[in-house]
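Working notes, structure below.
The values are calculated or read from the model by the stated rules, or taken from the named source; none is laboratory data. It should be emphasised that the depicted structure is a prediction, and the values quoted were computed from it without experimental measurement. Cβ sites come from the backbone with ideal geometry, for glycine too, and all protein chains shown count toward neighbours. For accessibility, only protein heavy atoms count, side chains too; no ligands or nucleic acids. Shrake-Rupley method; radii C 1.70, N 1.55, O 1.52, S 1.80 Å.
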Amino acid sequence: MTTTKHWAKKIRKRNKNVVIIPNAIDTEVEQWKNHLKPDRPVTFGYIGAGFHHHDIEWAELDLRDVPSIVPDLDGEIYMEMTRASKGYKWHSPTEYGNIYREFDVSLVPLSSNEFNKCKSPLKLAEAAFTNTALIIRDVKPYSGYLRHEKNCLVANTPQEFKEAIRRLKNDREKVIELADNLRRDFQHWEMDAVNQKRLDRLYTGQYPIS
């Protein structure tokens, strides 16, 4: 089992017995519960651990004029690079979903390279289940899931990122619309539903490749 068509294509070179089943969000876990956004100025956030400098450099993210939060980690300079108004410290895998409570729009300027193409589109599900809107680059692993102006704003150049941030800064209704549509699009990525697909494959061998 693997998470994307791109990975499956690579795996089939060595093992043709491969099916695609997405990653999922367990909405019964505390970090993913009750993500109701408060009434506040539209706030922008970036979630990423180390070694994402190229993503931020490519997008030329400049967050000095908007409420914003990015990682403030030892050895990283994300706050300096983006001029964000707030930083957050390292969160464990059982806690990091809580960071989404701090902002309304997730920025996803992923670089296009072979390593990133092999990732799963989990950030889409994370945003969906936390009522968070997306400004996102249309690259694998996200291509094919994005509906510009419907469940996200696609930004494929630094200028498009700037324009999208400027637009959503003063348009909470659009932020809510994008987040609502994203959640509807990814509701089937909830853990119980995805686990059922895994069980179907394990016990019947009849889960179709998608």
**OP:** Figure the gain on full extension for residue 29 and residue 201 (residue separation times 0.36 nm, minus the Cα-Cα span) and round it to one decimal in nm.
**Re:** 59.4 nm
**OP:** For the chain, find the longest principal axis of its Cα atoms and tell me its angle to the long axis of helix 158-169, 0 to 90°, nearest 10.
**Re:** 70 degrees
Original post:
Given the C-alpha centroids of the range 1-79 and the range 144-210, what is the distance between them in whole angstrom?
Top reply: 12 Å
Original post:
How far, in degrees from 0 to 90, does helix 172-186 lean away from the longest principal axis of the Cα atoms of the chain, to the nearest 10?
Top reply: 10 degrees
Original post:
Per 5 Å bin from zero, what fraction in whole % of the C-alpha pairs of the range 1-134 is there, up to the bin with the longest pair?
Top reply: 2, 9, 17, 19, 19, 15, 10, 5, 2, 1, 0
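Counting other Cβ atoms within 10 Å, keep those with at most 14, restrict to DSSP loop, and tell me which GluC sites (Glu not before Pro) in the range 1-105 are left.
Qualifying residues, ordered by number: 28, 60, 95.
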Original post:
For the chain, what is the charge dipole size about the Cα centre, in debye to the nearest 20, if Lys and Arg each add +1 at the Cβ and Asp and Glu each add -1 at the Cβ?
Top reply: 1040 debye
Original post:
Per residue of the chain, what 222 nm ellipticity follows from adding -39500 (n - 2.57) for every DSSP H run with n ≥ 4, rounded to the nearest 500?
Top reply: -9500 deg cm²/dmol
Subject >> Contour minus Cα-Cα distance for residue 157 and residue 171 (0.36 nm per residue) >> reply: 2.9 nm
**OP:** Could you tell me what percent of the DSSP beta bridges with both partners in the chain are antiparallel, to the nearest 5?
**Re:** 0 percent
Subject >> Rounded, prolate or oblate (a/c below 1.5 giving rounded, otherwise prolate when a/b exceeds b/c) for the range 111-210 by Cα gyration tensor >> reply: oblate
**OP:** Kindly express, to the nearest 10 degrees and within the range 0 to 90, the angle between helix 191-204's C-alpha long axis and the longest C-alpha principal axis of the chain.
**Re:** 20 degrees
Subject >> Length added when fully stretched, residue 117-residue 96, from 0.36 nm per residue minus Cα-Cα >> reply: 5.3 nm
Original post:
Once label points are set 7 Å from the Cα along Cα→Cβ at both residue 62 and residue 36, what is their separation, rounded to one decimal in nm?
Top reply: 3.8 nm
Original post:
Which value, in Å² and to the nearest 10, is the accessible area of residue 176 when all protein chains are kept and the probe is 1.4 Å?
Top reply: 80 Å²
Original post:
Given the pairs 33/169; 5/169; 37/89; 86/174, which are separated by over 31 angstrom at their Cα positions?
Top reply: 5/169
Original post:
At a 1.4 Å probe, what is the % contribution of carbon and sulfur to the accessible area of the chain?
Top reply: 50 percent
